[in-house]
Structures are given as C-alpha cells and as structure tokens.
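See below for the structure under consideration.
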Amino acid sequence: MNKPRHSSRRRSPSIRSDEAVDYKNTSLLRRFLSEQGKILSRRINRLTSKQQRLVATAVKRARILALLPFSNNEN
C-alpha cells in the first residue's frame with residue numbers, strides 16, 4: 001500500500017542553459033513569482049541555491065526599475 005515517493009521520470013530544469021537570469025528578462029522572472037507577486041521558494045521552483053539567489057536579486061532589481069510589480073493586489 002506504500003506509494004512511491006519519487007516519480008521515475010526526471011523533471012526538466014526550470015532554467016535552461018541558454019536562458020540568462022537577468023532583471024531585463026521579465027518573462028523568465030514571472031515564472032518564479034506567485035499570483036500575489038511573491039518570489040516562490042526553491043523547492044517549488046526546482047532551482048539550485050545559486051540559481052535562487054540570482055533569481056531573487058534579478059526580481060528585486062526589476063521591481064525597483066518598475067519592470068515587475070511589488071505586489072499584485074487586484075480585487
């Protein structure tokens with residue numbers, strides 16, 4: 001009755017090798033934000049710690065330059 005913990009197929013990485021993590025690449029950065037505009041955790045994003053730090057820094061820079069919203073509170 002035990003369920004297998006891990007699926008047998010390998011998940012594709014969420015950042016491809018040809019994609020640069022940059023504050024100007026907003027389409028890439030939006031994939032790592034929740035509906036509310038919060039940065040999602042490493043576990044949900046399936047990133048390494050180095051990639052997560054790069055994404056967090058890029059999102060923060062894009063927010064300051066008004067490329068991404070700080071929050072998405074549309075009621």
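Quick notes on this one:
- Within the range 43-59, the set of residues being surrounded by 15 or more Cβ atoms within 10 Å (Cβ to Cβ) and of a type outside the set (A, V, I, L, M, F, W, C) comprises ASN45, GLN51, GLN52.
- Scanning the range 43-75 for residues that are under 14 Å from the mean Cα position of the chain (by Cα) and part of a loop (DSSP other than H, G, I, E, B) yields ARG46, LEU47, THR48, LEU68.
- Residue in the range 1-36 that is modelled with the lowest pLDDT, counting only those that are among the aliphatic types (A, V, I, L, M) and open to solvent by less than 100 Å² (accessible area, probe 1.4 Å): ILE15
The values are calculated or read from the model by the stated rules, or taken from the named source; none is laboratory data. Just so we're clear, the structure is a prediction, and the values are computed from it rather than from any experiment. All Cβ positions, glycine included, derive from the backbone under ideal geometry; neighbour counts span all protein chains shown. Note: accessible area is taken over every heavy atom of the protein model, side chains too, but ligands, DNA and RNA are not part of it. Shrake-Rupley method; radii C 1.70, N 1.55, O 1.52, S 1.80 Å.
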